[in-house]
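To keep things clear, I will list the structure first and then write my remarks on it.
The values are calculated or read from the model by the stated rules, or taken from the named source; none is laboratory data. Because the structure is a prediction, the values reported are computed rather than measured. A quick note on method: Cβ atoms are made from the backbone with ideal geometry, for glycine too, and the neighbour counts reach across all protein chains shown. Only protein heavy atoms, including side chains, enter the accessible area calculation; ligands, DNA and RNA are left aside. Shrake-Rupley method; radii C 1.70, N 1.55, O 1.52, S 1.80 Å.
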Amino acid sequence: MEKKKLSRKELKYYAKMAAESYVDDPVHVYATKSEKLRKKFLYHFMLERLSTSNREDVIFEDEEKMGICIWRDAHNDYTMFDFMLCPNWVFLCVYNISLIKTLRVFSNLDNKIFEKNTLLISPVFVDKAHQGKGIATRLIKQGIEELVPQGYKLGLETQNPENVPFYEKLGFKTLEYKFFENVGIHNYYMVYDGEEKE
């Protein structure tokens, strides 16, 4: 499969969009209490995350660039070297406390729950001004339609209980649930089984 590559300008554009989209995400609210600081941290964090995806993952973009969905190999553990290849990694040092707390949550996640050859939605987001218009649904369905026939199993992790019904409607079911009491974060491990709910 030919993997889409985003330009540096596109990466910055989507990192800014992600910072707005994820500002109320439970992990980031836990890690950075100030919303203003959270948006700044999220921009650099997501720029780094998207830069890593740009080399390794499967990317689906909305035609009008109002959203993006990235699928990554569940068993591909990113390393410090991956992040140091990203041009803005030094900026994350400014937000050291936020970074440590964010990684503390993610270090609890166990991707080995997923079978081999599983691609995870990581991340999907839509411009705040265009949310609720079916863009994320369309991007996820595009991934399902293209990746399942190629033999991939599909999954995702969400730390937001409110997102679970949305994914269930698209044919995902909860494989396992964990509550990380030390940080107060829920985690739902979900897999695609093709049975969409009304």
Qualifying residue in region 162-169 (condition: under 23 Å from Glu115 (Cα atoms), surrounded by fewer than 16 Cβ atoms within 10 Å (Cβ to Cβ) and touching a helix residue (DSSP H, G or I) at 6+ places or on another chain (Cβ under 9 Å)): yes
Breaking point among (1) open to solvent by less than 40 Å² (accessible area, probe 1.4 Å); (2) closer than 22 Å to Val23 by Cβ; (3) not in a loop (DSSP other than H, G, I, E, B), for Leu109: (3)
The listed residue being in contact with a strand residue (DSSP E or B) (Cβ under 7 Å, 6 or more places away or on another chain) and among the β-branched types (Val, Ile, Thr), out of Ile121, Ile100: Ile121
Among (1) at pLDDT 70 or above; (2) over 15 Å from Arg55 (Cα atoms), the one test that Asn88 misses: (1)
Some residue of region 27-37 being under 16 Å from Tyr95 (Cβ atoms), within 13 Å of the chain's Cα centre (by Cα) and acidic (Asp, Glu): no
Leu99 being of a type in the set (A, V, I, L, M, F, W, C), at pLDDT 95 or above and either open to solvent by less than 40 Å² (accessible area, probe 1.4 Å) or touching a helix residue (DSSP H, G or I) at 6+ places or on another chain (Cβ under 6 Å) (or both): no
Residue match in region 177-189 (condition: modelled with pLDDT under 95, outside any strand (DSSP E or B), open to solvent by 60 Å² or more (accessible area, probe 1.4 Å) and closer than 19 Å to Ala74 by Cβ): no
Qualifying residue in region 123-144 (condition: polar (S, T, N, Q), open to solvent by 80 Å² or more (accessible area, probe 1.4 Å) and closer than 16 Å to Asn187 by Cβ): no
